[in-house]
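Beneath this line is the structure, given in structure tokens, with notes to follow.
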Amino acid sequence: MKFSVLMSIYYKEKPLFLKESLESLVNQTKMPTEIVIVKDGNLTEELDIIIEEYVDKYKSLFSIVNLDKNYGLGIALSKGIQVCKYDIIARMDSDDIADITRFEKQLEIFKKYPEIDIVGSNISEFMDNPKISCSERNVPEEHDDIVKFAKKRCPFNHMTVMYKKQAVIESGNYIKFESLEDYYLWARMLNNNCKAFNIQENLVYARIGNGMFKRRSGISYVKSELKLQRKFKEIGFINSFQLIYNIMCRTIVRIIPNNLRKMIYLKLLRR
């Protein structure tokens, strides 16, 4: 089964992290047919050098999309989706590390259940060493549980998903939505009767740090989440009660001190 990998990169990425991420992609038990890298605006010289190194080494594998400026993740991925040649697309973040069996196991699900449109997995989160996990983010396995979970929290780990290109496009593709473009897409796909599954294994090692918890705070993030919840209500994905409940819970988490928010994530929202 042929498939594409889609990755977006912008100038603030760290070269070493990118190299580790790309290395994990080219050492899979099931190799990608193509890897599409979207350069979201001009990159640093160090990042460009690493990309050129892999393009030279794997000449037929990589396809590079150059955007004239930094549009943000939603726009970058929407353009990348259009470039991908194959109907099955795997997402990957430029600072995370894929388990060597990730693609093999996800493709097995598509082969076993052809009605499935999106397959994700759990993740192991780490600070410096991927072999030393500081937390895990587990998501529901079966479709009905995923839909139920999605009405309260994001039902997929974005860097783990593999999906059908046509299902994404028919659901409206990625749309610019500050920090929440993936969650908005999942809700629209599920609302469009796309079938989902999450493998109950950690197939990606996700890099986190104190900065992650700080980014998920503040008035701008609260406004973005309020806007998203209203969108969910507009498309009929949640009802009025769920809207009010979600807004109350999310607003509290975003305005509390960073250390307390970190504790909630690691102790209550993670395993």
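The values are calculated or read from the model by the stated rules, or taken from the named source; none is laboratory data. Owing to the predicted nature of the structure, the values given are computational and were not obtained by experimental measurement. Every residue, glycine as well, gets a Cβ built from its backbone with ideal geometry; the counts of neighbours run over all protein chains shown. Heavy atoms of the whole protein, side chains included, go into the accessibility calculation; ligands, DNA and RNA do not. Shrake-Rupley method; radii C 1.70, N 1.55, O 1.52, S 1.80 Å.
Can you tell me the dipole magnitude for the chain around its Cα centre, using point charges on the Cβ only (Lys, Arg +1; Asp, Glu -1), in Debye to the nearest 20? Provide the component values of the computation, followed by the final result.
On the way: 43 positive and 35 negative charges, 241 e Å.
Dipole size: approximately 1160 debye.
Starting from the amide H of SER63, placed 1.01 Å from N in the peptide plane, find each other amide H under 5 Å away whose residue is 5 or more places distant or on another chain.
Under 5 Å from the amide H of SER63: ILE35, VAL36, ILE37.
At 10 °C and a viscosity of 1.306 mPa s, what translational diffusion coefficient does Stokes-Einstein give for the chain, taking Rh as the Kirkwood radius over Cα pairs? Give it in µm²/s as a whole number.
Translational diffusion coefficient: 83 µm²/s.
How far is helix 240-255 tilted, in degrees, relative to the longest principal axis of the Cα atoms in the chain, given as a value from 0 to 90 rounded to the nearest 10?
Between helix and principal axis, roughly 70 degrees.
Given axes a ≥ b ≥ c from the Cα gyration tensor, I'd like to know whether region 78-145 is rounded (a/c under 1.5), prolate (a/b larger than b/c) or oblate. Intermediate results must be reported in sequence, preceding the final value.
Details: a/c = 2.06, a/b = 1.35, b/c = 1.53.
Oblate, because a/c is 1.5 or more while a/b does not exceed b/c.
Would you mind checking LYS112/LYS227; LYS19/LYS165; LYS59/LYS223; LYS30/LYS79; LYS69/LYS195 for any pair whose Cα atoms are more than 32 angstrom apart?
Numbers: LYS112/LYS227 37 Å; LYS19/LYS165 26 Å; LYS59/LYS223 44 Å; LYS30/LYS79 25 Å; LYS69/LYS195 35 Å.
Over 32 Å Cα-Cα: LYS112/LYS227; LYS59/LYS223; LYS69/LYS195.
What ³J(HN,Hα) values, in whole Hz, does the Karplus curve 6.51 cos²θ - 1.76 cosθ + 1.60 give for region 227-236 when θ = phi - 60°, with x put for Gly and Pro?
Couplings: 4, 5, 4, 5, 4, 4, 5, 4, 8, x Hz.
At 222 nm, what value in deg cm²/dmol follows for the chain if DSSP H runs of at least 4 each add -39500 (n - 2.57) and the sum is divided by all its residues, to the nearest 500?
Values: 11 runs with 119 residues, N = 271.
Mean residue ellipticity, 222 nm, calculated: -13000 deg cm²/dmol.
Enumerate the amide H contacts of VAL204 below 5 Å, restricted to partners 5 or more residues apart or on another chain; note that Pro and chain-start residues carry no placed amide H.
ASP99, SER124
Using Cα atoms only, what is the angle between the long axis of helix 73-83 and the major principal axis of the chain, expressed in degrees (0 to 90) to the nearest 10?
50 degrees
If you roll a 1.4 Å probe over the chain with all protein chains in place, what percent of the accessible area is carbon or sulfur?
Values: 6870 of 13000 Å².
Carbon and sulfur together cover 53 percent of it.
Taking amide H positions as placed in the peptide plane 1.01 Å from N, state which residues far from PHE3 in sequence (5 or more) or on other chains have amide H under 5 Å from it.
When sequence neighbours closer than 5 places are left aside, the close amide H contacts are THR33, GLU34.
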